[in-house]
Structures are given as structure tokens and as C-alpha cells.
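Asks: Here it is, the structure in full.
Bear in mind these aren't lab numbers, they're just calculated from the coordinates by the rules spelled out. Just so it is clear, the structure is predicted and the values come from calculations on it, not from any experiment. In this analysis, Cβ positions are derived from the backbone assuming ideal geometry, glycine residues included, and neighbour counts consider all displayed protein chains.
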Amino acid sequence: MTNWIYEVVYALFFIFPAYVANAMPVVLGGGTPIDLGRKLSDGKPIFGSHKTIRGFIAGVTAGTLVGLAQEFVLHSVAPPDFVLPFHYSVLVGFVISLGALLGDLMHSFVKRRINIAEGAPLPIADQLDFVAGAVLLSFLAPAPHLNVLTIVIILVITLPTHLLTNIIAYLAGVKKTPW
């Protein structure tokens, strides 16, 4: 029988650096676009003005720091019988954070190609792009060993959580759109 509480906590623990990395560009972004305002031969921006160097660096840095804090908690504070099915490290936090922001960049690239304006919604994909990038890149990290159940839990929790946090950020004036 599956211990559902453990599985949910494990899934959230695993993906938390990606959640933080994805949120930080909204809070700390701005400035020079990653694509430097360049356009492809189709005349459309590569990523768009909302994807900035400062936001990318802030996201990866914040997510990596979360990974460092998680490693500290696991090695210093967690009870000795608490065991994750992989060795969590700051490197895993970095890779997950980087993957989250690369997933978001790829999503923006695709949206520009299919004529969806910056800030315009693309439901479901808007909520899961960073998770897909984080999960895929995590397989390059030392032994994350995700299973299908963990990925499903992450997806199920992320959809409403992402929508809710975006609405809160919109109401707080941090975001221009509620999606």
C-alpha cells in the first residue's frame, strides 16, 4: 500500500526549487531580454521582452539556494529515519531550477512561433512548462530517480497551485495578467 502523505511530501520537496525558480523572474526580473530584442527570420521575437537575463539569473540562483537549504534540512534537521529515494544535493536543486527556466524559455519560444502574444494565455502549457523542463533536466542530476507516481503528483498539484499563485501575484500588482 502506498503511503500517500509521504509520496505528496516527497513530490513537493523534489519540485520546490523549480517552483521558486519559476516565481523569481516575476518578482526580480526586468531589464535586458535574454534574446536581446532579436527576432528570427519570421519577424517574431525569439523569446520576447518578458524573458530577461536578470529574471533568469534570479530564478536559477533562488532555486539553487532552496536546494542548498533542502540539503541542509535533510542532513541537519530531519529525523534520522527520514529517507528520500535519492541523495538530494545543491546540485540537484540547481539542475531542477535550471530545467524549470529552460522549460519556460522553450514554452515562450513555441508561443512566439504560433503567434501567441507575450502575456497571452496558453492554458495547461503555461502551468506545466517549467515542471516539464525541471523533470526532464533532473534526469541529468545525480540519482534523482523519479517514478511515474511522483511525476503525476507534481502535475496534479502544480496546475491549481500555479493558477492560484498567479492570481495572487496579479491581485498584489506583481503580475500584469492573472495567468
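Asks: Can you pull out the trypsin sites (Lys or Arg not before Pro) in segment 102-179 whose DSSP state is coil and whose Cβ has at most 12 other Cβ atoms within 10 Å?
Replies: Passing both the DSSP loop test and the Cβ count: Lys176.
Asks: Could you tell me which of Leu122, Leu105, Leu40 has its Cα farthest along the dipole of segment 4-171 towards the positive end, charges placed at Cβ (Lys, Arg +1; Asp, Glu -1), taken about the Cα centre?
Replies: Checking the options against the dipole of segment 4-171, the answer is Leu40.
Asks: While we're looking at this one, here's another question. Compare the Cα positions of Pro160, Val20, Ile53 along the charge dipole of the chain (+1 at Cβ of Lys, Arg; -1 at Cβ of Asp, Glu; about the Cα centre) and return the one farthest towards the positive end.
Replies: Projecting each Cα onto the dipole axis, the largest value belongs to Ile53.
Asks: Right, another one. Can you tell me the convex hull volume per residue for segment 23-98, based on C-alpha atoms, in Å³ to the nearest whole number?
Replies: Normalising the Cα hull of segment 23-98 by residue number yields 100 Å³.
Asks: Check each of the trypsin sites (Lys or Arg not before Pro) in segment 16-100 and keep only those in coil by DSSP with at most 11 other C-beta atoms within 10 angstrom; list them in order.
Replies: Answer in residue order: Arg38.
Asks: Using Cα springs under 10 Å in a Gaussian network model of the chain, which residue among Gly59, Gly119, Gly48 shows the largest mean-square fluctuation?
Replies: Gly119
Asks: Could you list which residues have their amide H under 5 Å from that of Thr52, counting only those 5 or more apart in sequence or on another chain, with H placed in the peptide plane?
Replies: Gly30, Ile34
Asks: Now a separate question. Take a quick pass over the chain and tell me how many lysine pairs come in under 20 angstrom between Cα atoms, counting only ones 8 or more apart or on separate chains.
Replies: Total qualifying Lys-Lys pairs in the chain comes to 8.
Asks: Obtain the radius of gyration and the Kirkwood radius of the chain from its C-alpha atoms and give Rg over Rh.
Replies: Here the Rg-to-Rh quotient is 1.00.
Asks: What's the magnitude of the charge dipole for the chain around its Cα centre, counting Lys and Arg as +1 and Asp and Glu as -1 at the beta-carbon? Answer in Debye, nearest 20.
Replies: Using only the charged Cβ atoms, the result is roughly 740 debye.
Asks: Once Lys and Arg get +1 and Asp and Glu get -1 on their Cβ, which of Ala62, Ile151, Ala11 lies farthest toward the positive end of the dipole of the chain?
Replies: Sorting the options by dipole projection puts first Ala62.
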